[in-house]
Amino acid sequence: MRVWRGGRWAWLRAGLAALALGGCGWVWMTPAPDVGEREASAPSVGTVALPTGGGLREARRMPGTPVARPFRPGETVTVRDRASVNAGSAGKAAYLYTPDFTGALVSGSPEHAVDDLAYAKGDWRIECGQAARPWTCRLSVVSRVREGGRPEAALRVRYVPDGAGLIVCAGDAAAAAPAIQTGEAAELRYGGLDGCFGPAESAAILDDLTHAVTFGYHYTSGTYGDVSGWRTTFGLAEGLELMRWLQGHLSGGPPGSGEGG
């Protein structure tokens with residue numbers, strides 16, 4: 001599965017995002033609330049897990065300290081939720097991650113700086129190192145937050161060991177009958193009852209999203225029933241690359257610079 005870089009598509013995403021978010025003409029799609037509405041309805045969603053164990057040694061460094069072995073050059077230590085995290089940018093996408101490599105946020109909009117990042121604002125969240133899970137890392141994004149602060153997930157990408165690789169899922173963990181549309185003119189792709197697609201179909205979806213500015217999603221939620229919506233792909237490429245980099249550290253692989261995944 002190849003991992004793409006978002007640099008050459010960033011200007012296209014930024015230029016077309018306003019048009020894409022104005023309505024894509026998908027008959028089963030309904031526009032999500034704007035970013036401000038999502039943030040106001042669930043301001044606490046998307047906190048980053050504090051580092052534990054060896055990661056706490058990194059957290060004691062002063063803000064502004066350069067990161068020794070960063071995902072991207074130029075990273076510095078910054079304070080988030082009263083703990084220190086590593087922060088930087090990949091192209092126009094800002095990001096931060098915990099120094100124990102178990103959590104991260106990647107910008108879902110070119111307007112979001114490091115201090116703005118939050119899952120409830122539509123930024124990509126990465127979780128790694130979870131025990132008793134079928135995946136070792138997971139990238140997810142929310143497109144809408146319901147009343148009461150419950151986020152409505154749009155897309156999840158699992159990193160599954162033992163050969164499965166990257167697995168695309170629509171909605172949250174309880175979602176069923178997923179469908180993904182990788183662009184306005186693309187056909188719907190339907191997944192399995194568990195809310196996820198098989199490895200080959202997941203690879204095809206991610207390959208299509210290399211060239212897509214927006215994507216649509218549809219699934220059946222155990223909480224909300226029939227759910228559909230759309231969002232931009234901004235930050236997805238950088239999120240996948242960072243997820244693979246974090247996984248490499250957790251699995252004991254050589255610490256890469258992030259340039260090769």
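Please state the shape class of region 157-213: rounded when a/c is under 1.5, otherwise prolate if a/b exceeds b/c and oblate if not, all from the C-alpha gyration tensor. Judged from the Cα gyration tensor, region 157-213 comes out oblate (a/c at least 1.5, b/c at or above a/b). Taking amide H as placed 1.01 Å from N in the peptide plane, Gly195 has its amide H under 5 Å from the amide H of Ala177, each at least 5 places away in sequence or on another chain. Under a 5 Å amide H cut-off, with hydrogens placed 1.01 Å from N, Ala154 pairs with Val141, Val142, Ser143, Gly171 among residues at least 5 apart or on other chains.
Restricting region 105-179 to GluC sites (Glu not before Pro) that sit in a DSSP loop and have at most 14 other Cβ atoms within 10 Å of their own Cβ leaves Glu111, Glu147.
Backbone geometry of region 221-226 corresponds, through the Karplus equation with coefficients 6.51, -1.76 and 1.60 at θ = phi - 60°, to 3J(HN,Hα) couplings of 9, x, 9, 10, x, 6 Hz, x marking Gly and Pro. Each residue of region 214-219 was assigned a 3J(HN,Hα) from its phi angle through the Karplus curve 6.51 cos²θ - 1.76 cosθ + 1.60 (θ = phi - 60°); the sequence is 9, 9, x, 9, 8, 6 Hz, with glycine and proline shown as x. Counted by Cβ distance under 14 Å from Arg189, the other residues give a net charge of -4, where Lys and Arg count +1 and Asp and Glu count -1.
Laboratory data are not the source of any read-out in this text; all were calculated from the coordinates shown. What you are looking at is a predicted structure, and each value in this text was computed from that prediction instead of being measured. FYI the Cβ positions are ideal-geometry reconstructions off the backbone, even for glycines, and counts take in every protein chain you see.
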